[in-house]
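**Q** Quick one: structure below, then a few questions.
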Amino acid sequence: MFVCGQTVYDDAHLGHAKNYIDFDIIARWLRHEGYKLTYVQNITDVEDKIIARAEERNIPAEGLAKLYEKRFLEDMEVLGVKQDIDMYPRTHDYIKEIAMQTQLLLDKGYAYLSDGDVYYDVDKFKDYTKLSGMKLGELTRHRIEAEEGKKKQYDFIIWKAAKPGEPNWKIKVTYKGKEIELDGRPGWHIEDTATTNAIFGPQYDIHGGATELIFPHHTNEIALAEAAFGKKPFVKYWLHTGVLNIKGQKMSKSLHNFITIRDALKKYDPEAIRFMVASSRYRSPMEYSDMLMKSAASKLNFLYASFGIFYNMKEVKEANTDSEALEIANKLEKDFSVAMNNDFDTPLSLSALWDAITKLRKLAEANKSIGKEAKSVAISKVLEFAKIFGIMEHDWYKEPISEEALEQIHAREELRKEKKFKEADEIRAELSKKGIALEDTEYGPVWYFEKRLKKSN
Ligand SMILES: [Zn+2]
């Protein structure tokens with residue numbers, strides 16, 4: 001699997017987090033299902049935006065790219081994404097491969113030279129619009145700049161002559177029988193296909209990226225790869241993730257409406273971000289709001305607290321709840337798998353996990369006891385599936401809450417039912433002194449140890 005990675009010219013934001021967490025969950029699930037997955041995500045470290053930003057700051061483009069690459073990888077590590085990626089190839093390490101592919105395209109007549117630039121001749125590739133389903137005539141309505149030197153407006157750049165001060169490489173190509181030296185840098189689209197051809201060969205299974213990359217980026221990738229290397233289709237499955245919107249608009253650098261991952265992590269645990277992402281289907285757009293983020297954090301608190309109650313349930317030799325607990329674990333496995341195998345339906349698989357944990361909690365709260373074996377099976381099933389989302393990895397659920405505190409929580413609930421709010425609040429204050437926080441959610445009261453989830457308040 002190859003996923004279009006970050007162009008490293010600034011800090012990554014929550015829109016990027018959604019995209020990479022979506023693919024991380026997909027990768028984890030494929031591996032869980034026994035597929036031998038190699039997951040490659042590139043880092044674009046030679047690109048117009050990097051050059052422009054470096055010029056603004058009056059520093060070398062290479063230095064800027066290195067700085068933001070480092071910060072990006074730190075973010076991905078905290079979000080639990082980096083560990084699942086086998087390889088992060090960088091543009092500047094694949095210049096030789098890009099030159100080779102450029103030569104193949106020139107030889108086969110799919111590319112032409114124009115004043116030090118190399119362009120792709122879109123009219124020569126007859127399946128150009130097969131991914132997007134657009135008509136060739138419609139393409140000009142998209143943001144394609146008519147550049148000097150192009151035969152057609154929708155032709156795109158493969159190799160760009162460098163201006164003074166820009167990162168540049170010298171490559172030799174043969175064009176119309178003459179050897180020519182080109183001094184410049186690769187265009188964006190060819191980087192991915194030259195890289196994946198070097199790593200996977202001319203055909204591989206899954207290519208992922210955000211929906212907005214269907215055209216022109218992935219459309220151009222198909223044209224570049226299939227024309228140069230001759231294998232069709234060069235990708236068997238395309239997976240596209242929906243964008244993250246904020247107040248109805250796409251979260252993006254250019255619209256200045258973004259929240260960086262770093263800022264979000266100051267307030268929220270990385271697991272809360274992963275929970276939020278998993279609560280919507282990867283293909284669907286997601287509408288971000290502080291409410292959504294807070295609600296994800298509070299639901300996660302609820303899962304930790306509920307799982308903690310089951311985790312600390314009394315164990316006995318002869319228990320009458322074993323079959324019930326095992327049934328809950330089996331149902332979790334079945335429902336989770338059915339949902340994930342239906343185009344990675346994470347909202348449904350997340351609700352299977354939710355169901356299992358809340359049912360296990362109820363077993364414990366019914367003052368029943370459980371056998372050691374059944375309990376351990378149920379615990380390991382919950383953790384196995386929570387791991388697909390990358391949640392429940394803290395050991396917060398292990399510390400038991402005291403009987404006394406539990407009784408107080410129940411007593412407070414009864415008082416609230418009787419609308420004795422003043423007395424209920426007194427209990428809440430007492431619990432707070434013991435470090436136990438209470439939150440009233442639509443699922444009932446959630447307690448948690450304040451010191452742990454402080455960030456999610
Ligand atoms: Zn890409």
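**Q** Which of ARG274, ARG57, ARG361 comes first, and how do the rest follow, when ranked by fewest Cβ neighbours within 10 Å? If you can, show how the numbers build up before the last one.
**A** Values: ARG274 23, ARG57 9, ARG361 20.
Result, fewest neighbours first: ARG57, ARG361, ARG274.
**Q** Here is a further query. May I ask you to sort VAL235, VAL338 by Cβ crowding, counting other Cβ atoms within 10 Å and putting the fewest first? Don't jump to the answer; show the numbers that get you there.
**A** Details: VAL235 25, VAL338 13.
Taking fewest neighbouring Cβ atoms as first place, the list is VAL338, VAL235.
**Q** Something else now. At a Cα cut-off below 19 Å, give the lysines reachable from LYS231, other chains included and same-chain residues fewer than 8 away excluded.
**A** LYS108, LYS124, LYS126, LYS130
**Q** Next question, about the same structure. What residues have an amide H closer than 5 Å to that of VAL8, excluding those fewer than 5 places away on the same chain, when H is modeled at 1.01 Å from N in the peptide plane?
**A** Placed amide hydrogens put THR44 under 5 Å from VAL8.
**Q** Now, a different point. Determine the dipole magnitude for the stretch 19-82: charges of +1 sit on the beta-carbon of Lys and Arg, -1 on that of Asp and Glu, nothing else is charged, the reference point is the Cα centre, and the result goes in debye to the nearest 20. Intermediate results must be reported in sequence, preceding the final value.
**A** Values: 10 positive and 13 negative charges, 48 e Å.
Taking the Cα centre of the stretch 19-82 as origin, the dipole is about 240 debye.
**Q** Let me see the P(r) profile for the chain: every Cα-Cα distance counted, bins of 20 Å, each bin given as a percent of all pairs.
**A** 22, 46, 23, 9, 0
**Q** Taking a cut-off of 16 Å between Cα atoms, list the aspartates and glutamates near LYS150, but don't count ones fewer than 8 places away on the same chain.
**A** ASP115, ASP117, ASP121, ASP123
**Q** Here is the link list: LYS18/LYS250; LYS266/LYS381; LYS172/LYS236. Which ones come out longer than 21 Å on Cα distance?
**A** Going by Cα-Cα distance, LYS266/LYS381; LYS172/LYS236 fall outside the 21 Å limit.
**Q** For LYS368, LYS417, which order do you get if you count the other beta carbons within 10 Å of each Cβ and list the fewest first?
**A** Values: LYS368 16, LYS417 9.
Fewest-to-most Cβ neighbours within 10 Å comes out as LYS417, LYS368.
**Q** Among LYS82/LYS151; LYS294/LYS398; LYS49/LYS299, which pairs are too far apart, with a Cα-Cα distance over 31 Å?
**A** LYS82/LYS151; LYS49/LYS299
**Q** Could you check what % of the DSSP bridge pairs in the chain are antiparallel, to the nearest 5?
**A** Numbers: 26 of 43 bridges.
In the chain, DSSP labels about 60 percent of beta bridges as antiparallel.
**Q** Contour minus end-to-end for HIS410 and ASP183, with contour as 0.36 nm per residue of separation and end-to-end as the Cα-Cα distance?
**A** Details: separation 227, 0.36 × 227 = 81.72 nm, distance 7.40 nm.
Value of the extension gain: 74.3 nm.
**Q** So if each residue of separation counts as 0.36 nm, and I subtract the Cα-Cα distance between MET87 and ASP425, what length gain in nm does that give? Kindly include the intermediate steps, with their values, before the conclusion.
**A** On the way: separation 338, 0.36 × 338 = 121.68 nm, distance 5.33 nm.
My answer for the length gained is 116.4 nm.
**Q** Excluding same-chain residues fewer than 8 positions from LYS267, which aspartates and glutamates have a Cα within less than 16 Å of its Cα?
**A** ASP75, ASP290, GLU450
**Q** Further, regarding this structure: Can you give me the Cα centroid spacing of the stretch 344-379 and the stretch 246-300 in angstrom?
**A** 27 Å
**Q** What does the helix-only formula give at 222 nm for the chain: each DSSP H stretch with n ≥ 4 adding -39500 (n - 2.57), the total divided by the residues, and the result rounded to the nearest 500 deg cm²/dmol? Let's see the in-between values first.
**A** Details: 15 runs with 211 residues, N = 457.
For the chain, the value works out to -15000 deg cm²/dmol.
**Q** Further question on the same structure: Just add up the charged neighbours of GLY371: K/R +1, D/E -1, any other residue whose Cβ is under 9 Å from the Cβ of GLY371. Numbers along the way, then the final one.
**A** Numbers: positive: LYS317, LYS372, LYS375; negative: GLU315, GLU318, ASP322, GLU373.
Neighbour charge sum, excluding GLY371 itself: -1.
**Q** Can you give me the long-range amide H partners of HIS13? Hydrogens built in the peptide plane at 1.01 Å from N, cutoff under 5 Å, separation of 5 or more residues or another chain.
**A** ILE261
**Q** Additional query: Could you compute the longest span of the chain free of GluC sites (Glu not before Pro) located in DSSP loops and having at most 14 other Cβ atoms within 10 Å, not counting the site residues? Let's see the in-between values first.
**A** On the way: sites that count: GLU33, GLU145, GLU147, GLU148, GLU318, GLU393, GLU418, GLU442.
Longest stretch, sites excluded: 149-317.
**Q** A further question on this structure: Return the sequence-ordered ³J(HN,Hα) values of the stretch 202-215 in whole Hz as given by the Karplus equation 6.51 cos²θ - 1.76 cosθ + 1.60 applied to θ = phi - 60°, using x for Gly and Pro.
**A** Running phi through 6.51 cos²θ - 1.76 cosθ + 1.60 with θ = phi - 60° gives x, 9, 8, 7, 10, 10, x, x, 6, 3, 5, 8, 3, 10 Hz.
**Q** Let me ask something additional. In the stretch 301-456, how does Rg compare with the Kirkwood Rh, expressed as the Rg/Rh ratio over alpha carbon atoms?
**A** My calculation of the ratio gives 1.00.
**Q** Please report, in debye to the nearest 20, how large the charge dipole of the chain is about its Cα centre when each Lys and Arg carries +1 at its beta carbon and each Asp and Glu carries -1 there.
**A** In debye, rounded to 20, the chain gives about 300.
Every number in this text was worked out from the coordinates using simple rules, so none of it is lab data. All values derive from a computational prediction rather than experimental measurement. Every residue, glycine among them, receives a Cβ derived from its backbone with ideal geometry; neighbour counts consider all protein chains shown.
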